[in-house]
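K.L.:
Could you have a look at this structure, given as structure tokens, before my questions?
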Amino acid sequence: MSRVQSLPIWLKANWFFLAAALVVATDMVALHTPKWSSPRLLEVGLLSDLALVVPGLYLACYWRRGKPAYLRAIALASLGFWCASKLLPESGQFIIHSLWSVRYLALAVILLVEFKVMLAVYRSVFAGASRQEAAASLQAQAGMPAWAAKLAAAEAAFWRSVVHKATALFRRGGRDA
């Protein structure tokens, strides 16, 4: 199958990218339109598009992927909130200031989930699992791409070897160092 034939198939499975690009492009046009009658309306539009509509489109496209899709949608909402706060001038930020704590709550949820996933990988590697087993487990549990799961497993294996060497050094009392 040629690349030209595979593009429609890819777009059908990943229509989120096209839809999100259209939403963001429309927001950029609205943001650069001079003399908006209401800065509050611009803020509401930009904030709702970037923090609600784009993550909602992501969920609509990838909801079958389960929990990882929901976590990525939360991350997209947090990113959209941050982008809206950077795109709007300080004088036009009315709602953003009152909702700032919501962004930190979303980031805390994401960090907690990431911590749990990485803890599971470190536990499996320190329990004696090979890098490949840990990467496969991480890929299945968290829905991570294969390259990221292999990288996380390699990092855990590295730290396992550092801990083993350090404990061996301290067991010998540092005499043979």
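Nothing in this text is a laboratory measurement; each read-out follows from the coordinates by a stated rule. The structure presented is a predicted model; accordingly, all values stated were derived computationally and were not measured. Ideal geometry is used to build each Cβ from the backbone, glycine not excepted, and the neighbour counts take in all protein chains shown.
K.L.:
Counting other Cβ atoms within 10 Å, which chymotrypsin sites (Phe, Trp or Tyr not before Pro) in segment 77-177 have at most 16 and lie in a DSSP loop?
P.N.:
Here the sparse-neighbourhood loop sites are PHE94.
K.L.:
Additional query: Can you give the charge dipole size of segment 74-158 about its Cα centre, rounded to the nearest 20 debye, using +1 on the beta carbon of Lys and Arg and -1 on the beta carbon of Asp and Glu?
P.N.:
Dipole about the Cα centre, nearest 20: 80 debye.
K.L.:
If you place +1 on the Cβ of every Lys and Arg, -1 on the Cβ of every Asp and Glu, and leave all else neutral, what size is the dipole of the chain about its Cα centre, to the nearest 20 Debye?
P.N.:
Once rounded to the nearest 20, the dipole reads 720 debye.
K.L.:
Taking the simple approach of a point 7 Å from Cα along Cα-to-Cβ for both LEU169 and TRP15, what is their distance in nm?
P.N.:
5.8 nm
K.L.:
Sum up the lysine pairs in the chain that clear both bars: alpha-carbon distance under 26 Å and a spacing of 8 or more or different chains.
P.N.:
Number of lysine pairs found: 7.
K.L.:
Return one number: the angle in degrees, 0 to 90 and rounded to the nearest 10, between the long axis of the Cα atoms of helix 131-142 and the longest principal axis of the Cα atoms of the chain.
P.N.:
The angle comes out at about 30 degrees.
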